Amino acid sequence: MHSQFRGMGVAMVTPFHANGKVDFKSLEKLTRHLIRGNTDYLVVMGTTGESVTLEAEERRAVLDFILDINAGRLPVVFGMGGNHTAGILRNMEEMNWEGVDAILSVSPYYNKPTQTGIVAHYKALNEHTPRPIIMYNVPGRTSSNMLPETTLLLAEECRNIIAIKEASGNLEQCMDVIGHAPEDFLVISGDDSLVLPFLACGGDGVISVVGNAFPQEFSEMVHAGLDGDFDHARTIHYRLLHIIRQLFAEGNPAGVKRALKVLSITEEHVRLPLAPMSEAGSETLRDMIRESGLVALS
């Protein structure tokens, strides 16, 4: 039923000018780059989009701009999560959801809720959501891991929760979810470097960071894995793996924004408290991209 979210989604960066304002010209360039690159769906205002540093009006402006450029060609997922359940419900009610196909909602952060609290949070969202929900488990950022039994309970009991983006980095945990989830519930990787084994275990794809820079190649790898052609998928995986690691060496999205600058798609500006990639890290990344042969660099 929700096969449009099977494959490679891209967690889009939000380009900025040096003065911190949203760079819509670069955002158009990025959106068209992703559409041409066989991206399966666009994820707007996730972690990689620096959503927590944008005001509500800016988040809406970015979404509307992407919807206009996309013109219905790809499904669009919008990030709406947080650690204040009632506030999320209010935002859901007040927002115009036209053109948005699903919501990516991160497990509550900072509060460090129990599993009972996480279940109650998502059940409240499930009861009031205007769009299908993709849950997002990323304990490295939330300090609270959604255990497999929590995910599976919500998958079984909440008709509006259709998937989870699993970014625990724990393949055993991912396998526990994949192996016992309802047939129509999608399990999506949130870790670019683990996508190949994730697909081999029966996962449904990825919401990717590296896909911002190399959508064509990463999409080809994901779909080869989904089709069972792991020889081909493995070749692409090892071609990109060292680049993926470097993208995260100094935090996300500083690394992928540097890659996008190397590719002349966006600038590398981020909003405080994030900082751009160091010169040493940037040079290493540029060398890796040049040596990979993925693009021609001078």
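The values are calculated or read from the model by the stated rules, or taken from the named source; none is laboratory data. Nothing here was measured: the structure is a model prediction, and the numbers come from that model. Every residue, glycine as well, gets a Cβ built from its backbone with ideal geometry; the counts of neighbours run over all protein chains shown.
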**Prompt:** Pairs under 8 Å by beta carbon, first residue closer than 11 Å to residue 41 by Cβ in region 60-80, partner of a type in the set (Asp, Glu) and surrounded by fewer than 19 Cβ atoms within 10 Å (Cβ to Cβ), six or more apart or different chains?
**Reply:** 75/101; 76/101; 77/101
**Request:** Sort through 129, 116, 150 and tell me the only one that's among the hydroxyl-bearing types (Ser, Thr, Tyr), modelled with pLDDT of 95 or more and within 23 Å of residue 10 (Cα to Cα).
**Result:** 129
**Message:** Looking only at helices (runs of 4 or more DSSP H) that lie completely in region 196-262, which have at least 1 residues being under 24 Å from residue 184 (Cα atoms) and modelled with pLDDT of 95 or more?
**Reply:** 215-226, 230-247
**Prompt:** Within the bounds of region 210-219, is there any residue that is acidic (Asp, Glu) and free of Cβ contacts under 8 Å to residues at least 60 places away in the same chain?
**Reply:** no
**Request:** Output yes when any residue across region 218-231 is under 18 Å from residue 290 (Cβ atoms) and either aliphatic (A, V, I, L, M) or out of contact with any Ser or Thr (no Cβ under 8 Å at 6 or more places or on another chain) (or both), and no when none is.
**Result:** no
**Prompt:** Just to be sure, is residue 265 among the aliphatic types (A, V, I, L, M) and outside any helix (DSSP H, G or I)?
**Reply:** yes
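Results for (1) surrounded by 15 or more Cβ atoms within 10 Å (Cβ to Cβ); (2) out of contact with any Phe, Trp or Tyr (no Cβ under 7 Å at 6 or more places or on another chain); (3) part of a helix (DSSP H, G or I), shown as yes or no for each residue.
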site: 25; (1), (2), (3): no, yes, yes
site: 28; (1), (2), (3): yes, yes, yes
site: 38; (1), (2), (3): yes, yes, no
site: 43; (1), (2), (3): yes, yes, no
**Item:** Complete set of residues in region 38-59 that are touching a residue at least 60 places away in the same chain (Cβ under 8 Å) and within 25 Å of residue 120 (Cβ to Cβ)
**Value:** 46, 47
**Request:** May I ask you to list the residues in region 266-282 that are among the hydrophobic types (A, V, I, L, M, F, W, C) and either farther than 17 Å from residue 209 by Cα or surrounded by fewer than 20 Cβ atoms within 10 Å (Cβ to Cβ) (or both)?
**Result:** 272, 274, 275, 280
**Item:** Contacts under 6 angstrom Cβ, first residue in region 138-159 being in contact (Cβ under 8 Å) with a residue 40 or more places away in the chain and at negative phi, partner assigned to a loop (DSSP other than H, G, I, E, B) and surrounded by 15 or more Cβ atoms within 10 Å (Cβ to Cβ), 6 or more apart
**Value:** 138/167
**Prompt:** Out of all the residues in region 72-79, is one or more in a helix (DSSP H, G or I) and among the basic types (Lys, Arg)?
**Reply:** no
